[in-house]
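To start, the structure itself, in structure tokens.
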Amino acid sequence: MKILIIEDEESIRDLIRMNLILENFDVITAENGNDGIELFKKENPELVILDLMLPDKDGFEVLKELQSMNYKIPIIILTAKNNQNDKLLGLELGADDYITKPFDSKELILRIRNIIRRMKKSNITLNKNIVGSMYLDKNTRKFFVNDKEVYLTKNEFELMELLINNHKQVLSRDVLLEKIWGYDENIDTRALDMTIQRLRKKMGECGKYIKSIYGIGYILEVPDEE
Ligand code: CA
């Protein structure tokens with residue numbers, strides 16, 4: 001398993017790298033945000049450890065760029081101790097976990113192992129994008145219900161993809177709005193509800209599986225027997 005570390009402080013970078021190598025991970029490293037993004041594109045790592053304080057680019061920007069390329073890759077952010085805002089913002093933006101500096105190497109490994117375990121659990125859904133009688137083909141950007149293609153607009157497709165990839169997990173309105181419409185302050189937040197309504201309609205019988213969680217967001221929940 002290949003892990004990318006993006007961290008400008010050499011001592012920390014080396015410490016993490018050595019610990020991961022001892023645990024038999026493949027490790028690649030970048031000293032700044034731009035190099036990190038380039039390596040991410042070239043090397044397809046399966047997990048990223050990202051420092052938020054980078055010399056060339058804000059870590060949050062890097063986080064967003066990495067996610068826009070592949071939001072399925074788990075990202076662990078490194079933050080300075082006691083910086084609660086950074087932690088929260090990072091998690092809100094979709095980071096999977098955070099580590100505060102200075103950190104304990106054992107804790108870091110433990111957290112990585114936990115994330116990998118969670119990934120493996122949801123792997124069947126992740127790779128095949130199949131939930132119940134719904135099937136989403138990422139390559140051709142086609143969506144099928146009961147083997148029949150359902151034509152979706154770009155936003156509908158992206159929303160469906162997020163729902164399927166996060167099957168049985170609540171997605172907050174903020175996250176959905178951010179991932180699909182970006183940080184556009186002019187966007188009417190009802191756009192999300194309207195897109196969900198259209199999706200449900202197009203999905204026919206399966207539409208009922210997209211549930212509203214009042215005040216929070218949406219969840220796709222298909223019973224296991226389906
Ligand atoms: Ca740093």
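Things worth noting here:
- √(5λ) per eigenvalue of the Cα gyration tensor, the chain, largest first, Å: 34, 19, 16
- Length-normalised contact order of segment 128-220 in % [C-alpha pairs under 8 Å, at least 6 apart]: 26 percent
- Solvent exposure, largest accessible area first (probe 1.4 Å, DNA, RNA and ligands not counted), of Asp224, Asp97: Asp224, Asp97
- Dipole in debye (nearest 20) - the chain, about Cα centre, beta carbon charges: Lys, Arg +1; Asp, Glu -1: 1020 debye
- The HN-Hα couplings worked out from phi for segment 44-56 by the Karplus form 6.51 cos²θ - 1.76 cosθ + 1.60 (θ = phi - 60°) are 6, x, 9, 7, 10, 10, 10, 7, 7, 9, 10, x, 9 Hz, whole numbers, x standing for Gly and Pro.
- With a simple spin-label model that places each label point 7 Å from the Cα along the Cα-to-Cβ direction, the separation between Glu61 and Lys208 comes to 4.9 nm.
- Label-point gap, in nm, between Ala80 and Glu38 - each point 7 angstrom along Cα→Cβ: 2.8 nm
- Note on segment 128-220: semi-axes of the ellipsoid equivalent to its C-alpha gyration tensor, largest first and rounded to whole Å, are 21, 14, 12.
- Global form of segment 1-64, assessed from the alpha-carbon gyration tensor, a/c cut-off 1.5: oblate
- Charge dipole of segment 1-138 about the Cα centre (unit charges at C-beta), most positive-ward option of Ala95, Asn129, Pro45: Asn129
- Segment 2-126 - percent of accessible surface contributed by carbon and sulfur, probe 1.4 Å: 47 percent
- Restricting the chymotrypsin sites (Phe, Trp or Tyr not before Pro) of segment 123-226 to loop positions (DSSP other than H, G, I, E, B) with no more than 13 neighbouring Cβ atoms within 10 Å leaves Tyr151, Tyr183, Tyr214.
- Using R0 = 45 Å, the C-beta based FRET efficiency linking Asp193 and Ser11 works out to 0.40.
- Pairs beyond 18 Å (Cα-Cα), from Lys168/Lys202; Lys42/Lys154; Lys72/Lys138; Lys154/Lys202; Lys2/Lys42; Lys2/Lys72: Lys168/Lys202; Lys42/Lys154
- In this structure, the amide hydrogen of Lys72, modeled 1.01 Å from its nitrogen in the peptide plane, lies closer than 5 angstrom to no residue at least 5 positions away or on a different chain.
- Calculated Rg and Dmax of segment 1-130 using C-alpha coordinates, Å: 13.7, 43
- If the segment from Ile116 to Met1 were pulled out straight at 0.36 nm per residue, it would be longer than the present Cα-Cα gap by 40.4 nm.
- Lys/Arg +1, Asp/Glu -1 at C-beta; the chain dipole; positive extreme among Asn82, Tyr214, Asn32: Tyr214
- About the centre of its Cα atoms, segment 128-220 shows a dipole size close to 380 debye [charges on the beta carbon of Lys, Arg (+1) and Asp, Glu (-1) only; nearest 20 debye].
- The chain: antiparallel DSSP beta bridges as a percent of all, rounded to 5: 45 percent
- Within the chain, longest stretch clear of exposed trypsin sites (Lys or Arg not before Pro) (DSSP loop, no more than 16 other Cβ within 10 Å): 169-226
The values are calculated or read from the model by the stated rules, or taken from the named source; none is laboratory data. Since this is a predicted model, take the numbers as computed values, not measurements. Glycine gets a Cβ as well: all are built from the backbone with ideal geometry, and neighbour counts include every protein chain shown. Accessible surface areas use protein heavy atoms only, side chains included; no ligands, DNA or RNA. Shrake-Rupley method; radii C 1.70, N 1.55, O 1.52, S 1.80 Å.
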